[in-house]
Amino acid sequence: MKNKLILTAKEALENAYVPYSNFKVGAALLTKSGKVYSGCNIENSSFSLACCAERTAIFKAISEGEIELISMAVIADTEGPVSPCGACRQVMTEFFTSDAQIYLSDLQGNIMETTVKDLLPYSFSLQENKN
Ligand code: THU
């Protein structure tokens, strides 16, 4: 599944709408039901309205009723595995378990396997049962 997610994220990266940064990002996640949702970053003339690839993928899944998310891949044309922004780490914390696998990659095939809790330790949550 790791390779499928990375490949799907790479395909999604091609759809990135990035006329301002020219920095394409792709993401793909696996849900508990076995479906894969992908996303790319989408920018706007009003710069602060940009949506990251990770959040595009997560919001697509949640809006389809897929509340349990298992793992996710993120890819960009970086030197070494891409590092998700802080906002996306917080959104990941909301919908993945803390030990969910996150695969970070670049276009050369360098992959870092990490977890949601390693990406955002001591995170803010109002969900008491959040592990
Ligand atoms: N970006 C993502 O899509 N994910 C990240 O984790 C980091 C940043 C996007 C937002 C913006 O479109 C571009 O990368 C440059 O910041």
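Readers should treat all values here as calculations from the given coordinates under stated rules, not as data from a laboratory. Note that the structure is a prediction, hence the values are computed from the model and not measured. In this analysis, Cβ positions are derived from the backbone assuming ideal geometry, glycine residues included, and neighbour counts consider all displayed protein chains.
Observations, loosely collected:
- Considering only segment 69-131, percent of DSSP beta bridges that pair antiparallel, nearest 5: 45 percent
- Cα-only Debye scattering, segment 62-102: base-10 log of I(q)/I(0) at q = 0.21 Å⁻¹: -0.75
- Here the relative contact order of the chain, from alpha carbon pairs under 8 Å that lie six or more residues apart, stands at 20 percent.
- FRET efficiency, E128 to I67 (Cβ-Cβ, R0 22 Å, nearest 0.05): 0.80
- For segment 2-124, taking Cα atoms only, Rg and Dmax work out to 13.2, 37 Å respectively.
- DSSP beta bridges confined to the chain are antiparallel in about 70 percent of cases.
- Low-density loop cleavage sites - trypsin sites (Lys or Arg not before Pro) in segment 1-99, where at most 16 other Cβ are within 10 Å (DSSP): K32, K35
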